Amino acid sequence: MTTSTEERLSLLADYCRERGVPMTAQRRAVFEKVLSHKDHPTAERIYEEVQTVLPQTSRATVYRALDTLVEAKLVQRIAHPEARTRFDPVMQPHNHLICESCGRVEDLEENAKLLSPGDFDVPSWEIKQVTILLQGLCSKCRG
Ligand SMILES: [Zn+2]
Ligand SMILES: [Zn+2]
């Protein structure tokens, strides 16, 4: 169930309209750059790429635009052991593989292993989401 870039951009436009915030060229460019990646880019990478199309865009603007996309549930943050958050435009639940050597993040296609919040019973907590990070060495780093 993939949604086209155009459809997703119109979801962002709807969100901005509802919130009364402008759908700026910068917001749009940030979203387009995230959507163009399958490899879970860092905010810094998105910033660098937005510079190529809108060189006046500040780092703070890019970071705020990413926050907006996360709030709009159009992009998700992935915790990364390197402490640099990665961004993922795939909103369907899925698991990740992380390389301890080069830091690359890939989607784990094996979705049979998805766990749901109902699989956990943590006293006094309401569990909303479960993600698994598998850490190891990617095919390149294994040499
Ligand atoms: Zn690697
Ligand atoms: Zn992913």
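Here are a few things to note about the model shown:
- Those residues of the stretch 60-83 which are touching a strand residue (DSSP E or B) at 6+ places or on another chain (Cβ under 8 Å), within 15 Å of ligand 2 (Cβ to nearest atom) and assigned to a loop (DSSP other than H, G, I, E, B), in sequence order: 75, 79, 80
- Residues that are charged (D, E, K, R), assigned to a loop (DSSP other than H, G, I, E, B) and away from ligand 2 (no atom under 14 Å from the Cβ) were ranked within the stretch 102-143; the one that is farthest from residue 86 (Cα to Cα) is 121.
- Residue that is modelled with the lowest pLDDT, among those in the stretch 15-62 that are within 15 Å of the chain's Cα centre (by Cα) and exposed (fewer than 14 other Cβ atoms within 10 Å of the Cβ): 38
Quick grid of which residues meet (1) closer than 18 Å to residue 72 by Cβ; (2) in a loop (DSSP other than H, G, I, E, B); (3) not assigned by TED's automatic domain parsing to the domain that holds residue 103:
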| residue | (1), (2), (3) |
| --- | --- |
| 12 | yes, no, yes |
| 22 | yes, yes, yes |
| 27 | yes, no, yes |
| 34 | yes, no, yes |
| 37 | yes, yes, yes |
| 44 | no, no, yes |
| 47 | no, no, yes |
| 50 | yes, no, yes |
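- The set of residues in the stretch 84-101 that are within 11 Å of ligand 2 (Cβ to nearest atom) and hydrophobic (A, V, I, L, M, F, W, C) comprises 87, 90, 91, 97, 98.
- Residue identified as touching a His at 6+ places or on another chain (Cβ under 7 Å), under 25 Å from residue 97 (Cβ atoms) and in contact (Cβ under 8 Å) with a residue 12 or more places away in the chain among 46, 78: 78
- Out of 77, 59, 86, sole residue that is among the charged types (D, E, K, R) and more than 17 Å from residue 134 (Cα to Cα): 59
- Selection status of residue 12, surrounded by 14 or more Cβ atoms within 10 Å (Cβ to Cβ) and touching a residue at least 60 places away in the same chain (Cβ under 8 Å): yes
- Looking only at the stretch 114-143, and only at residues there that are within 16 Å of ligand 1 (Cβ to nearest atom) and surrounded by fewer than 10 Cβ atoms within 10 Å (Cβ to Cβ), the one that is nearest to the chain's Cα centre (by Cα): 139
The values are calculated or read from the model by the stated rules, or taken from the named source; none is laboratory data. Computed from a predicted structure; not experimentally measured. Positions of Cβ are backbone-derived with ideal geometry, glycine not excepted, and every protein chain shown enters the neighbour counts.
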